[in-house]
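As structure tokens, the structure follows; a few thoughts come after it.
The values are calculated or read from the model by the stated rules, or taken from the named source; none is laboratory data. All values reported here derive from a predicted model rather than from experimental measurement. Cβ: placed from backbone, ideal geometry, glycine included. Neighbour counts: every protein chain shown.
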Amino acid sequence: MNLVELQQMATAGEKIAMLTCYDATFAKLSEAAGVDILLVGDSLGMVLQGAENTLQVTMQDMVYHTKAVAAGTINCFIISDMPYGSYEHNEKQAYENALQLIDAGAHMVKLEGGGSMVNTVHYLVERGITVCAHLGFTPQSVQQLGGYRIQGKTDESARQILQDATAMSEAGVGFVLLEMVPASLAKQITENIKIPTIGIGAGVDCSGQVLVLQDLLGIYTGVAGKKPRDFKSPRFVRNFLKDSANNGTASIQAAVAAYVTAVKNKSFPTIEHSY
Ligand code: KIV
């Protein structure tokens, strides 16, 4: 699967199924279950390292996990997150770090932010690095955003996100990932830009969907010390392992395959998973 094939898929109206992945075993399993894109997300700071957020994740961590994922798949497209502090300072820094991820096996890098990142995106794209822009709720800015909050609720912030998505598309990114924005805004962006959108908490109208693997399996219950029963999953999460158990087919592979099917046939996400 390459970028052109994924973009053609979106143009033809087939939804793109993306899932986070951090190692070779899950890469192989996810590929067999039909996942199109594996995202080596810096969510690994939370789900693998047990941190409160993604801010402690390093380039070394991302290179290690990108290599592991690349070793487990032949056909999936791999996107790796540029961690906090690895691209914001200047364009050259971003390029050198992006190259490390590409050398480790990524086909594309993902970075967070809109207007302030346009020059960096230009710089990377001109040098042959493909980029995904992450807009809406951007986890690396969790402190500035005042916590895990839906973005783009006011007319002004919705306009800003639409403007950022357009600027990123014009700067040459391959995908725009939209996290925790109103479904109506995600629909408007998807209809207005020329490249596919991938949603998480962004409604059903994006060109594709992404979930964190541990959320899909219902096994992430917050940081150490937090009682699982006190942990509340975000609205956009669906536990596909529980659903496949209810269908009598409980297995991790069946759960991932059920996610892919639900994305492709548009039964996930629904209004209940959207804002
Ligand atoms: O790091 C990650 O897993 C992500 C997803 C939440 C989209 O960026």
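Annotations for the structure displayed:
- Set Val131, Val69, Val109, Val118: member being surrounded by fewer than 19 Cβ atoms within 10 Å (Cβ to Cβ) and β-branched (Val, Ile, Thr): Val118
- For the stretch 72-96, filtered to residues that are crowded, with 22+ Cβ neighbours inside 10 Å and of a type in the set (S, T, N, Q), the residue that is nearest to Gly128 (Cα to Cα) is Ser80.
- Criterion violated by Gln49 - all others in (1) assigned to a loop (DSSP other than H, G, I, E, B); (2) closer than 26 Å to Thr166 by Cα satisfied: (2)
- The residues of the stretch 7-31 that are closer than 25 Å to Val63 by Cα and either β-branched (Val, Ile, Thr) or more than 16 Å from the ligand (Cβ to nearest atom) (or both), listed by number, are Ile16, Thr20, Ala24, Thr25, Lys28, Leu29, Glu31.
Here's the yes/no breakdown for (1) under 14 Å from Gln140 (Cβ atoms); (2) more than 15 Å from the ligand (Cβ to nearest atom); (3) at pLDDT 95 or above:
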{"position": "Ser43", "(1), (2), (3)": "yes, no, yes"}
{"position": "Met62", "(1), (2), (3)": "yes, no, yes"}
{"position": "His65", "(1), (2), (3)": "no, no, yes"}
{"position": "Ala68", "(1), (2), (3)": "no, yes, yes"}
{"position": "Glu88", "(1), (2), (3)": "yes, yes, yes"}
{"position": "Glu91", "(1), (2), (3)": "no, yes, yes"}
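- Test: residue in the stretch 145-152 that is polar (S, T, N, Q), farther than 22 Å from Ala10 by Cβ and in a loop (DSSP other than H, G, I, E, B): yes
- The set of residues in the stretch 1-46 being in contact with a helix residue (DSSP H, G or I) (Cβ under 6 Å, 6 or more places away or on another chain), within 17 Å of Val131 (Cβ to Cβ) and part of a loop (DSSP other than H, G, I, E, B) is empty.
- When residues of the stretch 173-208 are limited to those that are touching a residue at least 24 places away in the same chain (Cβ under 8 Å), more than 16 Å from the ligand (Cβ to nearest atom) and not in a loop (DSSP other than H, G, I, E, B), the one nearest to Leu19 (Cα to Cα): Ala183
- Taken as a whole, the condition of being closer than 30 Å to Arg235 by Cβ and not hydroxyl-bearing (Ser, Thr, Tyr) does not apply to Gly128.
- A single member of Val121, Val125, Val63 is more than 18 Å from the chain's Cα centre (by Cα) and not in a strand (DSSP E or B), and it is Val125.
- Subset of the stretch 209-231 (residues that are charged (D, E, K, R) and either surrounded by 17 or more Cβ atoms within 10 Å (Cβ to Cβ) or within 11 Å of the ligand (Cβ to nearest atom) (or both)): Asp215
- Which numbered condition Val121 fails, given (1) within 28 Å of Glu31 (Cβ to Cβ); (2) away from the ligand (no atom under 16 Å from the Cβ); (3) of a type outside the set (D, E, K, R): (1)
- Annotation: of all residues in the stretch 240-253 being surrounded by fewer than 21 Cβ atoms within 10 Å (Cβ to Cβ), touching a residue at least 24 places away in the same chain (Cβ under 8 Å) and of a type outside the set (Val, Ile, Thr), the one that is farthest from Thr20 (Cα to Cα) is Lys242.
- Selection within the stretch 211-260 - in a helix (DSSP H, G or I), touching a helix residue (DSSP H, G or I) at 6+ places or on another chain (Cβ under 8 Å) and more than 16 Å from Gly34 (Cβ to Cβ): Gln214, Leu241, Asp243
- From the options Leu101, Leu111, residue that is on the phi < 0 side of the Ramachandran plot, within 15 Å of the ligand (Cβ to nearest atom) and touching a Phe, Trp or Tyr at 6+ places or on another chain (Cβ under 9 Å): Leu111
- Pairs, first of a type in the set (Asp, Glu) in the stretch 113-129, second surrounded by 15 or more Cβ atoms within 10 Å (Cβ to Cβ), C-beta under 9 Å, six or more apart: Glu126/Gly172
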